Amino acid sequence: MLNRHDRNEVIEYLSKTELSEEAEKLLLKRGDHLEIKAYIKTHYLSIDGEVSLIKRNNHREIMLYLSKRSLGDEAQSELIKRGNYIEITTLIEHYPLADIAIDELYNRGNQTEISLWQKTLRK
């Protein structure tokens, strides 16, 4: 289906159908923003898919995904390594951090982000 030429048909399909991990990899590798957006608005990505999404370095796609769902441990760590303050604070403010992400947050050393995370522990 992803190899069809009718873009509207592909986008409609992606908004309604959960992909296999192999098809998800193809979707992310193709890199079509509208297709990825259609898919992540309604579906969770696999663990590898989340990491691939972060490594694509597309802020809008990452923020869309975070507006709907959290990330797995590895993807949280990758997001913090990516170093985008807005993405990191969005993750911290809305979702609990995995131990590996907390370690990465401390390694990053941004006191504002660490303080924000510590405040979420007190809530």
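The values are calculated or read from the model by the stated rules, or taken from the named source; none is laboratory data. As the structure is a prediction and not an experimental result, all values here were calculated from the model. Here Cβ is always computed from backbone atoms with ideal geometry, including for glycine, and neighbour counts include all displayed protein chains. Remember, those area values only see protein heavy atoms, side chains included, never the ligands or the DNA or RNA. Shrake-Rupley method; radii C 1.70, N 1.55, O 1.52, S 1.80 Å.
Per-structure values
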| item | result |
| --- | --- |
| Entirely in region 12-123, the helices (runs of 4 or more DSSP H) that have 3 or more residues that are of a type in the set (A, V, I, L, M) and open to solvent by 10 Å² or more (accessible area, probe 1.4 Å) | 21-30 |
| The lone exception for LEU116 - which of (1) within 21 Å of ARG69 (Cβ to Cβ); (2) under 19 Å from the mean Cα position of the chain (by Cα) it fails | (2) |
| Hits in region 70-94 - residues which are within 24 Å of LEU14 (Cβ to Cβ), charged (D, E, K, R) and touching a Leu at 6+ places or on another chain (Cβ under 9 Å) | GLU78, GLU87 |
| Exclusive hit being farther than 22 Å from ASN110 by Cβ and at pLDDT 95 or above, set ILE92, ILE62, ILE47 | ILE47 |
